[in-house]
């Protein structure tokens, strides 16, 4: 009896070892996808894929980064061509970024987004981004002689922006709200290329409709709770020039229905800001005496910036600030009553922005 148990145990160990070897062999037959870009040109989808290639490693400890460019009349057909081109099977469970070119995004994301939602290996937290021109330029960028890793591209997108497939598709399926995504651009300075977060791409349903940059992007980020994006410069007789950055922002949007018919949204922003460039005039006053002046001016300017970007999106007839979702959750019966008229109500939506700004003294360097 004991002999049988021993033989059975040995057999299990052998099978386990063989299975482990088999898996190790399979790894060299796979491409571990890290990033995907999608462009469209003349009804053809052009897809670039950055993947880890274990078949041709850089050294014993590190796989090489392989870049493949495939095309097809659909994104699915293009991705299927990866195996035909390499004889390796792409694995999408570790994909980090999905970058959409301008034409692909304008033509309608619903044409291809299902693959990144329904495929059993894809993850809902993949960062989704847009780029003016061709998205492949972003994923093909090199750092020295090597491709810039998709992880580095992924890390450019603030988590607070919720620029991922999960939030994008959730807003798309909602029908009343609209998606947005981070806007990444390649910058070329004296032949040295780099990628930076330029702003935001906003969508009407599944079509890219506009890009927000400068103050518009700055305001959008504040309304989404994203700190440390850009800066804001103020000027007054009391303090001269003061440049501020947003260290922390907590936005809260509430809906209020008065007398069962008057609808208004209240947007409150709790903001902590710091200064990193101050005019020499600042030193003629104590920080305590001048901070109230700076806070008031910064509060007014941020309120105007945020109101401008809200106005722009409302006039475009898009709901990227999820007003309909907030209203539905707060006043479900009222929303049901006006739901069919929402597209007419949205452009003229009434709202009020208020800010509570606290300034902390940092970086007192005269300019």
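Remarks
- The range 82-105, subset assigned to a helix (DSSP H, G or I) and surrounded by fewer than 16 Cβ atoms within 10 Å (Cβ to Cβ), residue nearest to the chain's Cα centre (by Cα): 83
- Strands (runs of 3 or more DSSP E) enclosed by the range 161-279 - at least 2 residues per element that are crowded, with 20+ Cβ neighbours inside 10 Å and touching a strand residue (DSSP E or B) at 6+ places or on another chain (Cβ under 8 Å): 180-189, 192-204, 207-212, 240-258, 262-278
- Of all residues in the range 102-134 being touching a helix residue (DSSP H, G or I) at 6+ places or on another chain (Cβ under 9 Å) and within 18 Å of residue 212 (Cβ to Cβ), the one that is modelled with the lowest pLDDT: 133
- Flag not set for residue 79, criterion: surrounded by 20 or more Cβ atoms within 10 Å (Cβ to Cβ), in the same structural domain as residue 65 (by TED's automatic domain parsing), under 18 Å from the mean Cα position of the chain (by Cα) and not in a loop (DSSP other than H, G, I, E, B).
- Selection of the range 118-138 for residues being assigned to a helix (DSSP H, G or I), over 15 Å from the mean Cα position of the chain (by Cα) and closer than 23 Å to residue 149 by Cα yields 136, 137.
The values are calculated or read from the model by the stated rules, or taken from the named source; none is laboratory data. As the structure is a prediction and not an experimental result, all values here were calculated from the model. Note: ideal-geometry Cβ built from the backbone for every residue, glycine included; neighbour counts use all protein chains shown.
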